[in-house]
Amino acid sequence: MGEVTLDTVAYAKIMLHAASYPHCAVTGVLLADGSKIRDGAKSQDLDIVDAIPLFHHSHYLSPMAEVAMTQVDALAQANNRVIAGYYAACENFRDNTVEKCPGQKIAEKIVEFFPSAVFVVVDNKKFKHHLSNPAIKLHNYSEGKWKVMDANKVLFQTPYVLETVSLLLHKGVQKDLVDFDNYLDDISQDWTNLGIEKLIASINASNSIDFKNE
């Protein structure tokens with residue numbers, strides 16, 4: 001398995017989704033930059049540029065999953081992106097393994113179409129202290145099961161990712177995050193969360209300016 005780089009937007013949406021429903025399991029889809037994908041390659045570097053929050057209560061309803069994945073696939077194709085993985089946070093605070101997470105069938109279906117796909121599991125125990133360490137574990141699919149990746153192969157797009165996510169959580173931005181369950185309840189809501197992406201972009205721009213002035 002090659003290196004996996006997470007964009008600030010992708011990591012932030014995962015953390016905000018988990019923070020939105022601390023007493024529920026949450027799941028979502030990961031999108032990679034399609035321009036950097038080598039067709040047919042089983043092991044390659046991935047640039048995860050976005051995360052699409054899917055469910056916090058419809059995990060086991062296949063019709064909902066089919067509707068969601070169809071729309072996510074259309075979004076990915078329109079923006080030259082590839083569905084390249086899945087993420088989940090377990091309901092139980094002590095459960096931090098793939099085996100305890102919902103959505104495994106969807107994740108394995110993604111692997112069928114994209115063999116280099118990854119499964120991101122939120123490490124609940126590290127969530128409150130993720131400013132110093134990422135609160136996620138990445139896995140790749142090998143020999144019929146998900147295996148934890150070498151932490152050295154997991155990179156962040158910028159040095160400000162953890163600080164940015166901490167700021168978002170401090171501001172309560174998780175309350176504004178919309179997942180596909182919310183969208184199914186009210187189709188006027190934006191499940192792509194463009195507002196949060198714009199906020200992250202403005203924070204990143206400010207950090208870059210500060211860094212250059214040091």
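The values are calculated or read from the model by the stated rules, or taken from the named source; none is laboratory data. Fair warning: this is a prediction, and the values are worked out from it, not measured in the lab. Here Cβ is always computed from backbone atoms with ideal geometry, including for glycine, and neighbour counts include all displayed protein chains.
Please go through the range 96-114 and give me each residue that is part of a loop (DSSP other than H, G, I, E, B) and either within 15 Å of Ile48 (Cα to Cα) or out of contact with any strand residue (DSSP E or B) (no Cβ under 9 Å at 6 or more places or on another chain) (or both), ordered by number. Steps first, answer last, please.
The initial filter retains those residues of the range 96-114 that are part of a loop (DSSP other than H, G, I, E, B), namely 96-97, 101-103, 114.
Matches in the range 96-114: Phe114 only.
Could you check the range 88-101 and list, in sequence order, the residues that are surrounded by fewer than 24 Cβ atoms within 10 Å (Cβ to Cβ) and in contact (Cβ under 8 Å) with a residue 40 or more places away in the chain? Let's see the steps before the verdict.
Quick first cut of the range 88-101, residues surrounded by fewer than 24 Cβ atoms within 10 Å (Cβ to Cβ) only: 90-100.
Cys90, Glu91, Asn96, Val98 - these are the residues of the range 88-101 that are surrounded by fewer than 24 Cβ atoms within 10 Å (Cβ to Cβ) and in contact (Cβ under 8 Å) with a residue 40 or more places away in the chain.
How many residues are of a type in the set (Lys, Arg) and either over 27 Å from Ala201 (Cβ atoms) or in a strand (DSSP E or B) (or both) if we restrict to the range 116-127?
So in the range 116-127, the residues of a type in the set (Lys, Arg) come out as 125-126.
Now drop any that are not either over 27 Å from Ala201 (Cβ atoms) or in a strand (DSSP E or B) (or both), which leaves 125.
Count: 1.
Step by step: first the residues of the range 128-157, then only those that are aliphatic (A, V, I, L, M) and not in a strand (DSSP E or B), then the one that is modelled with the lowest pLDDT. Which residue is that? Full working, then the answer.
To start, the set of residues in the range 128-157 that are aliphatic (A, V, I, L, M) comprises 131, 135-136, 138, 148-149, 151, 154-155.
Narrowing the set further to residues that are not in a strand (DSSP E or B) leaves 131, 135, 149, 151.
Values: Leu131: 64, Ala135: 90, Met149: 92, Ala151: 82.
Only one residue tops the list, namely Leu131.
Out of curiosity, is Ala74 of a type in the set (A, V, I, L, M, F, W, C) and without any contact (Cβ under 8 Å) to a residue 24 or more places away in the chain?
On the way: of a type in the set (A, V, I, L, M, F, W, C): yes; without any contact (Cβ under 8 Å) to a residue 24 or more places away in the chain: yes.
Criteria met by Ala74.
Regarding the range 147-163, can at least one residue be identified that is under 20 Å from Thr27 (Cβ atoms), in contact with a helix residue (DSSP H, G or I) (Cβ under 8 Å, 6 or more places away or on another chain) and surrounded by 11 or more Cβ atoms within 10 Å (Cβ to Cβ)?
So far as the range 147-163 goes, no, none of its residues is under 20 Å from Thr27 (Cβ atoms), in contact with a helix residue (DSSP H, G or I) (Cβ under 8 Å, 6 or more places away or on another chain) and surrounded by 11 or more Cβ atoms within 10 Å (Cβ to Cβ).
Quick check on the range 32-87: of everything there that is basic (Lys, Arg) and either surrounded by 17 or more Cβ atoms within 10 Å (Cβ to Cβ) or under 23 Å from Gln104 (Cβ atoms) (or both), which residue is nearest to the chain's Cα centre (by Cα)? Can you show your working first?
Filtering the range 32-87 down to residues basic (Lys, Arg) leaves 36, 38, 42, 81.
This time we only want the ones that are either surrounded by 17 or more Cβ atoms within 10 Å (Cβ to Cβ) or under 23 Å from Gln104 (Cβ atoms) (or both), so: 42, 81.
Details: Lys42: 21, Arg81: 14 Å.
Among those that are basic (Lys, Arg) and either surrounded by 17 or more Cβ atoms within 10 Å (Cβ to Cβ) or under 23 Å from Gln104 (Cβ atoms) (or both), it is Arg81.
Of all residues in the range 58-95, which are farther than 22 Å from Leu46 by Cα, among the aliphatic types (A, V, I, L, M) and assigned to a helix (DSSP H, G or I)?
Met64, Ala65, Val67, Ala68
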